[in-house]
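Please read the structure below before turning to the comments.
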Amino acid sequence: QVQLVESGGGLVQAGGSLRLSCAASGSFSSINVMGWHRQAPGKQRELVARITSGGATNYGDSVKGRFTISRDNAKNTVSLQMNSLKPEDTAVYYCKAFVLGFDSLYQDYWGQGTQVTVSS
């Protein structure tokens, strides 16, 4: 079993910054991909950013140039630096990991989510 725990959410004014972190723990062989998704009220969950174990990244169009994702493979953590925040960034942010288990099977895991609220 794998557990993902997010931290760093909160309330910030427009134009401000927040840094989210996610730590993976449990029993697994490796984590191929880690990323962040978000879901605002009344909207579909969307990709914010993702990063592979090799460091390749992808960003949603709405956050390019403002958010930066990074990971520490040794510590099994991923972070999301969010700058120039806008009210439309308000959402619950979820950490996601694509994990290879010791059984040689891949499986997606999700964190519980952390609230980010950006005031105008």
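The values are calculated or read from the model by the stated rules, or taken from the named source; none is laboratory data. Just so we're clear, the structure is a prediction, and the values are computed from it rather than from any experiment. Neighbour counts run over all protein chains shown; Cβ positions are idealised from the backbone, glycine included. In case anyone asks, the SASA skips ligands and DNA or RNA and just uses the protein heavy atoms, side chains included. Shrake-Rupley method; radii C 1.70, N 1.55, O 1.52, S 1.80 Å.
Couple of notes before you dig in:
- Across every direction, the projection of the convex hull enclosing the Cα atoms of region 16-120 has a mean area of 6.8 nm².
- Linear extension gain, T117 paired with Q1, 0.36 nm per residue minus alpha-carbon span: 38.7 nm
- For N76, residues with placed amide H under 5 Å, excluding near neighbours: none
- Note: relative contact order over the chain, using C-alpha pairs below 8 Å and six or more positions apart, is 36 percent.
- Per-residue 3J(HN,Hα) values for region 22-34, derived from phi via the Karplus relation 6.51 cos²θ - 1.76 cosθ + 1.60 with θ = phi - 60°, read 9, 10, 9, 9, x, 10, 6, 7, 6, 10, 6, 9, 10 Hz in sequence order (x marks Gly and Pro).
- Mean-position separation - Cα centroids, region 1-54 and region 87-114, in angstrom: 7 Å
- Solvent exposure of the chain amounts to 53 Å² per residue of accessible area, where only protein heavy atoms count and the probe is 1.4 Å.
- Protein heavy-atom surface of the chain, 1.4 angstrom probe: 47% of the accessible area is carbon and sulfur, with nucleic acids and ligands not counted.
- Label-reachable residues, region 1-38, where backbone N falls under 13 Å from a point 7 Å from L105's Cα toward its Cβ: 1-2
- Sparsely packed loop sites in region 26-101 (the trypsin sites (Lys or Arg not before Pro) outside DSSP H, G, I, E and B with at most 16 other Cβ atoms within 10 Å) comprise K43, R45, K64, R66, K75.
- Taking N as its residue count, the alpha carbon Rg of region 11-55 over 2.2 N^0.38 Å: 1.50
- Cβ-placed point charges (K, R +1; D, E -1), dipole of the chain about Cα centre in debye, nearest 20: 220 debye
- Spin-label model, N32 to E46: label points 7 Å out along the Cα-to-beta-carbon direction sit 2.6 nm apart.
- For Y59, solvent-accessible area (1.4 Å; no DNA, RNA or ligand), Å²: 60 Å²
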